[in-house]
Amino acid sequence: MGGRDATMVLLDENGIRCDGRKIDEPRRIMIKAGGLKNADGSAYIEFGDNKILVGVFGPRDVHPKHMSNTDTGILRVRYHMEPFSVGERKNPAPSRREIEISKVIKEALEPAVMLDKFPRTAVDVFIEVLQADGGTRCAALTAASVALADAGIPMRDMVAAIAAGKVADTVILDVNNEEDQAGQADMPIGYMPSLEKITLLQLDGILTPEEYKKCVQVGVDGCKIVYELQKKALHEKYFGNGGD
Amino acid sequence: MDNKRKYVIPGDVVTTGPFRPEQNVILEGNKIISTTIGISEIYDDSVKVIPLTGKYIPKINDLVIGKVISHTSLSWELDINSCYVGFLPAQDVFGRDFSAHADELATKLKSGDLVAARIANFDRTRDPLVTISDRDLGKIDSGDLIKISPSKVPRLIGKRGTMIQTIEMATDAAITIGQNGWVVVSCESPEGLLKAKKAIEMVDEKAHVANLTDQVKEMLESRGES
């Protein structure tokens, strides 16, 4: 992980954070739909210093067969961090943390995808984190949703995600690695903007009820910013421009 | 809603009001929401989205091109470029007096053979049942297979078949389009075959471009002179 500086100021008196952002300002986000030829759908996201590639396959045959469901298709998600994605080499074997994040992302996508049209099939989502800098689960969820749309999987809505948090007793948007390590709370939020529904909400840290409400509001507003970029990425690939 | 057609992505509200949701849209409250990337079309009483991406989902009566994967003593299995395999019973080929002992399936269709087939029956509980007992169906003996995205098949056919007619006229090729995105082209002259293939690939790549028929026509004619 990036070196923790004991003298680092997370939030200065002018409301500027350690990387120069304002309290409600997300990092630079770039999303690209497509890019992988052999996958049915794919997406690449740069979320600050996070770099994540997602490939989607399916609907396709389920192997092993006993996992298949005769009523509906199933969604399988693998979140994986490359050995070179963090400062110190990460063992490529799936860790406890990666298994948890895979499950969390799967459950955050499930309300959006409509797999009941494809019984006895599976949709596989492969998430590869090439470079990590805090907030990978949100970035991965955002990219996975674009990749699923690119694959043509029917979806009720896109899922956009971003983290809100608390540092220096202030509610902030888009927690980076330093703020995650030294901050007081981290709350990743996944949100379906058109249906106005939350599909992912985790919280690590302690918040008062007021701060909690504020955090959710800040996170949901942040998701709407991310959603616009998802929309732009898909429009660019399919309609050749940023808007209609 | 003033304009009838627009570009949509999943979650976009196509329209609100008393419309019947058709393909690729869902009704959520009184909003009609697109479930896929595509072009929305609003008719007098219904709304649909024409998808621009996605796998082939079998529909009854669709003409598809299938490739024989394997057979049992009673049926063939066809790869129809979908998440399900096509099921072709032996009776369909041998007739009703088919006998599993007397008739050998491999004599009619071997694995790797291409067939033009029609989806006879499909529901969510079983794999699609296909048939080749109809006019123009059956084993394809000659021609080149081209794979395009199934969502671009309507574009290749064009409005009332204009696109495919343009290609066929200019190249003298016979083109069979399967709804599953597999296309078989056969032509007497090798140049015609090459040109037709090129045109089909062009449609696949530039499906979203307006006036594509004219562009294809131009391409076909310019190549003809050189």
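Derivation of every value follows stated rules applied to the coordinates shown; laboratory data play no part. Everything numeric in this text was worked out from a predicted model, so none of it was measured. When we count neighbours, we look across all protein chains shown, and the Cβ atoms used for this are built from the backbone with ideal geometry, even at glycine.
Rg/Rh, computed from the Cα trace of the stretch B:144-225 with Rh as the Kirkwood radius, has the value 0.92.
Got the relative contact order for chain B handy, in percent, Cα pairs under 8 Å and 6 or more residues apart?
Numbers: 455 pairs, mean separation 33.6, N = 226.
Normalised by residue count, the contact order of chain B is 15 percent.
Pairwise inverse Cα distances across the stretch A:156-232, averaged and inverted, put the Kirkwood hydrodynamic radius at 12.4 Å. With contacts taken as Cα pairs under 8 Å at a separation of at least 6 residues, chain A carries a relative contact order of 21 percent. About its Cα centre, the stretch A:120-218 has a charge dipole of approximately 480 debye under the convention of +1 per Lys or Arg Cβ and -1 per Asp or Glu Cβ, with nothing else charged. Across the stretch B:1-108 the C-alpha pair distances fall into 5 Å bins from zero in the proportions 2, 11, 17, 13, 10, 9, 8, 7, 8, 8, 5, 2, 0, 0 percent. Seen from a random direction on average, the alpha-carbon convex hull of the stretch B:50-101 projects onto 4.6 square nanometres. Based on the convex hull around the alpha carbon atoms, the stretch A:1-88 presents an average projected area of 9.7 nm².
Expressed as cubic angstrom per residue, what is the convex hull volume of the alpha carbon set of the protein assembly as shown? Each step should come with its number before you reach the end.
On the way: hull volume 91.1 nm³, N = 470.
Dividing the Cα hull volume of the protein assembly as shown by its residues yields 194 Å³.
For the set A:Lys22/A:Lys231; A:Lys22/A:Lys214; B:Lys6/B:Lys159; A:Lys237/B:Lys59, the pairs lying more than 21 angstrom apart at their alpha carbons are A:Lys22/A:Lys231; A:Lys237/B:Lys59. For chain A, leaving out every one of the GluC sites (Glu not before Pro) that falls in a DSSP loop and has at most 13 other Cβ atoms within 10 Å, the longest unbroken run is A:89-195.
For chain A, the C-alpha radius of gyration divided by 2.2 N^0.38 Å, with N the number of residues, is 1.01. Two numbers describe the Cα atoms of the stretch A:59-139: Rg and Dmax, which are 14.5, 45 Å. Residues whose amide H lies under 5 Å from that of A:Gln131, counting only those 5 or more places away or on a different chain, are A:Lys51; hydrogens are built 1.01 Å from N in the peptide plane.
Converting phi to 3J(HN,Hα) with the Karplus coefficients 6.51, -1.76 and 1.60 and the offset θ = phi - 60°, the stretch A:135-144 yields x, 5, 5, 5, 5, 5, 5, 4, 5, 4 Hz in sequence order, with x at every glycine or proline.
Dipole magnitude of the protein assembly as shown about its Cα centre, charges +1 at Lys/Arg Cβ and -1 at Asp/Glu Cβ only, in debye to the nearest 20?
Details: 59 positive and 69 negative charges, 122 e Å.
For this selection, approximately 580 debye.
Quote the relative contact order of the stretch B:144-225 in percent (integer), defining contacts as alpha-carbon pairs under 8 Å separated by 6+ residues.
On the way: 107 pairs, mean separation 27.4, N = 82.
So the answer I get is 33 percent.
Once the gyration tensor of the Cα atoms in the stretch B:63-140 is diagonalised, the equivalent ellipsoid follows with semi-axes of 18, 13, 13 Å, ordered largest first. In angstrom, the C-alpha Rg and Dmax of chain B are 20.3, 66. Taking only the Cα atoms of the stretch B:5-51, the ratio Rg/Rh comes out at 0.89, with Rh defined as the Kirkwood radius.
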